[in-house]
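The values are calculated or read from the model by the stated rules, or taken from the named source; none is laboratory data. Just so we're clear, the structure is a prediction, and the values are computed from it rather than from any experiment. Using ideal geometry, Cβ is built from the backbone for each residue, glycine included, and neighbour counts are taken over all protein chains shown.
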Amino acid sequence: MSTNPPKIAELKAEYENAPSLLKGDSSAKEWLDIPVEFRDGNWCHAAKPEVIENLGFNNPRKWSPDDPDWQLEEGWQQIVLAGMKERLGQFRSFKLFMDICVRCGACSDKCHFFLGTGDPKNMPVVRAELLRSVYRHEFTWSGKLLKGLVGARPLTEEVLKEWFMYFHQCTECRRCSVFCPFGIDTAEVTLVGRELLNLAGANINWITKPVSDCSRTGNHLGIEPHTFKSVVESLVEDIEDQTGITVNPTFNRKGAEILFITPSGDVFGDPGIYTMMGYLMLFEHIGLDYTLSTYASEGGNFGYFTSNQTAKKLNAKMYHEAERLGVKWILGGECGHMWRVVHQYMDTMNGPADFMEEPVSPITGTKFRNATSTKMVHIAEFTADLIHQNKLKLDPRRNDHLKTTFHDSCNIARGMGMMEEPRYVLRNVCNSFNEMPEHTIREETFCCGSGSGLNTDEYMDIRMRGGFPRANAVKHVKDKFDVNALVAICAIDRASLPPLMNYWNPGVQVYGLHELVGNALVMDGEEERSEDLREDDMLEIETESPVQEDDA
Amino acid sequence: MSLDVNGTTIEVDENGYLLSLEDWSEEVAGKLAEDEEIEMNDQHWEIVNFLRDYYQEFQIAPAVKVLTKAIAKKNDIHKKEASVFLYELFPNGPGLQACKIAGLPKPTGCV
């Protein structure tokens, strides 16, 4: 199948010529009567059988979502409905979210997938209705008696296909939830939807393979310990080449004060790998007593996109490793969904982590009281505190070749409520920071369009459509302020925003926050730098920096 | 899905990557390259062989940054030149095309 998305002109023609809800056109058919259609680019490859076997999930087989016959197990409906019943008992939130929606429609135009596709089933209310309709049919008296009259329907293979399609056209970003007057968290509906799909053996490879690899090696990419060490050592060499400074990271070191955990994309992917260089430089500069782990070598958690149980399993290694190494607390890197798991689940899933201490910055003495229970501090908070306490020498002119804007990662903004710290850091490391328009940032931030494990190539069509609202906001600041650098604090962002920008806003590069910190950081004894960490030319700095003079 | 190489059927995944590393041979690589519209010359082979050696040692394809540095060192050129060189050889990206031809699996996750 082709992995190329339609050209922008083709999308435009499609929008102009075909009827769309986005233009106020309504379909003559009820949504229940519109069958799901699998076409190239709107579905992700099925999980490979060996991956499903490794995970011990149901019904490993070779299949494809566009096959007419999905080779479901005998009795799959009973398995799924029993799973639904179990979850209704287990998660009161799920039961509540099935019952309390009044279909007011406040969420309907808040979803990036709806805005990018115009598909009514991408209105969060309708997406949740795909599941609610079955819930009503099986678990409510009104649904059992009145069936279709109250929007109830039985679970059929067609319904399962619809779930597969639309619970993978939700990135669990929770923008819709911000606008729900009842506080329904649609991400949790999708989470349960995906759990049920997993019970039926309808899983996607791009999510289950990282879960399987992470179970085996500790990280999604399947980076073995010696490889992890070798890549970091290669970065150490690069930092030395560029700055003349030798940084000295350690691995699996018992007795270190702090364990640092970041997404494995940061030690493999481009441009995340430059963010990793930034962390290493910062830690060396402040003399942090920290260690990396080749076991807790992943901050992200694709288990969270699969099921509560797999999320718990993959998350557990953070505390295991912290306890084994005897660290005082954990510092976490630039990741999105890792922080939703850490902030909202870890303490009760795998805690309490009483073997650690309340995190205190060894450099500034600041107590991170917000992390008292989890014992895990976000790097943006940590660095913002260092800057605020005047512990870093920074020359923001070294980022003068970049006109930046900041993309709030959904899970950081809405999952842990952190808005100011990354902005504070960014303002201190560069001279040109330009906010995207109101309603597209902070708690109303638009998703990259590829979150929750959907950043796979064969899905580029949907990703480019779903990423349109975000790209459109970037275009605004590109046109207005010549923005050429989109800064993000999430590894999925760093992987998925580059193709999104190449598609909608060519010329805009994607950066991690700590890459820019690394550029601006004036380290003791460093050589003069004329290139940034990705070896692009900096603008010439005409006079010596006062900071550098002090340093000399 | 599968590839036919001199009458032998080789299994590949939906993206055209070999399912089993052991199925790789120079003939298979030639066929994979043909499908990518790449005419293999000595320089292509040098990259493909480097990738296979790296994989033997590290069980994953190299990060693009690591690959670029290695090629720069090998050919005594600047890293930026090495990057251009790699993209000239593999226009759709060395990470994707060269790894596919070398028979390596595609890494999955935040990449």
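Before moving on, here are some points about what is shown:
- Filtered by the rule that a residue be among the β-branched types (Val, Ile, Thr), more than 22 Å from A:Ser452 (Cα to Cα) and out of contact with any helix residue (DSSP H, G or I) (no Cβ under 6 Å at 6 or more places or on another chain), segment A:104-151 gives A:Val134, A:Thr140.
- When segment A:246-270 is filtered for residues that are at the interface with chain B (Cβ under 9 Å from one of its Cβ atoms) and assigned to a loop (DSSP other than H, G, I, E, B), the ones remaining, listed by number, are A:Pro263, A:Phe268, A:Gly269, A:Asp270.
- One residue from A:Asn219, A:Asn203 being crowded, with 24+ Cβ neighbours inside 10 Å, in contact (Cβ under 8 Å) with a residue 12 or more places away in the chain and at the interface with chain B (Cβ under 10 Å from one of its Cβ atoms): A:Asn219
- Every condition in (1) among the aromatic types (Phe, Trp, Tyr); (2) farther than 25 Å from A:Ser307 by Cβ; (3) assigned to a helix (DSSP H, G or I) is met by A:Phe355 except one, and the failing one is (3).
- Remark: A:Asp69 matches the filter, which requires a residue to be under 23 Å from A:Gly193 (Cα atoms) and in a loop (DSSP other than H, G, I, E, B).
- Residue in segment A:381-397 that is assigned to a helix (DSSP H, G or I), in contact (Cβ under 8 Å) with a residue 24 or more places away in the chain, under 30 Å from A:Ala187 (Cα atoms) and among the aromatic types (Phe, Trp, Tyr) present: yes
- Residue pairs whose Cβ atoms lie under 9 Å apart, sitting 6 or more positions apart in sequence or on different chains, and linking a residue in segment A:305-326 that is assigned by TED's automatic domain parsing to the domain that holds A:Met338 to a partner that is in a helix (DSSP H, G or I) and among the acidic types (Asp, Glu), are A:Thr306/A:Glu195; A:Ser307/A:Glu195; A:Asn308/A:Glu195; A:Gln309/A:Glu195.
For every residue, the table says whether it meets (1) within 14 Å of the chain's Cα centre (by Cα); (2) hydroxyl-bearing (Ser, Thr, Tyr); (3) away from every other protein chain (no Cβ under 13 Å); (4) in a helix (DSSP H, G or I).
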residue	(1), (2), (3), (4)
B:Glu14	no, no, no, no
B:Glu37	yes, no, yes, no
B:Val48	yes, no, yes, yes
B:Pro62	yes, no, no, no
B:Phe85	no, no, yes, yes
B:Gly95	yes, no, no, yes
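- Considering segment A:64-100, the residues that are of a type in the set (D, E, K, R) and within 14 Å of A:Glu188 (Cβ to Cβ) include one that is farthest from the other protein chains (Cβ to nearest Cβ), namely A:Asp99.
- For B:Ser25, the criteria (1) in contact with a helix residue (DSSP H, G or I) (Cβ under 8 Å, 6 or more places away or on another chain); (2) away from chain A (no Cβ under 14 Å); (3) farther than 25 Å from A:Glu224 by Cβ hold in every case but one, which is (1).
- If the condition is being under 24 Å from the mean Cα position of the chain (by Cα) and crowded, with 18+ Cβ neighbours inside 10 Å, then segment A:84-114 contributes A:Phe94, A:Phe97, A:Cys107, A:Ser108, A:Lys110, A:Cys111, A:His112, A:Phe113, A:Phe114.
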